[in-house]
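First comes the structure, then the notes that go with it.
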Amino acid sequence: MSNRTDFVAGFILGGLLGTALALLFAPRPGEETREQLLESAEEARDRARERADEVLKKVRSAAEEMSQRGRSKFDESATKLREAMERGREVFEERTRGVHGRSEERPEG
């Protein structure tokens, strides 16, 4: 995405620079040239804002998607951990019962 963004930014900047130079060297009165430059600057500002909004929407969308994936992985890991802990508790209880049961069966002596 960086290459595309760089290209678009360079394209816009080149267009603005070309427009400004063309207007400066065109045989027009100063007032008309200033108005034309102002209009071009406003158009460029509007295009830049639109592009920034598009990029912001894409970034937000990607961030939301990554957040959802992260939550899903976290929930999955938490479930596996709970299951492992429960299984460990069960095994511990089984072995503890087995040890206590064997010690009770042994005759003292």
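The values are calculated or read from the model by the stated rules, or taken from the named source; none is laboratory data. Worth saying up front: this structure is predicted, and the values here are computed from it rather than measured. Every residue, glycine among them, receives a Cβ derived from its backbone with ideal geometry; neighbour counts consider all protein chains shown.
Residue selection: VAL55 satisfies the criterion of being touching a residue at least 40 places away in the same chain (Cβ under 8 Å) and either surrounded by 10 or more Cβ atoms within 10 Å (Cβ to Cβ) or out of contact with any His (no Cβ under 8 Å at 6 or more places or on another chain) (or both).
Criterion applied to ALA41, ALA48, ALA22, ALA26 was being surrounded by 10 or more Cβ atoms within 10 Å (Cβ to Cβ), more than 30 Å from THR5 (Cα to Cα) and modelled with pLDDT under 95, and the one residue passing it is ALA26.
Here is a check on your reading of the model: is GLU65 acidic (Asp, Glu), modelled with pLDDT of 80 or more and in a helix (DSSP H, G or I)? Spelling it out, GLU65 is indeed acidic (Asp, Glu), modelled with pLDDT of 80 or more and in a helix (DSSP H, G or I). A residue that is at pLDDT below 85 and not small (Gly, Ala, Ser) occurs nowhere in region 79-95.
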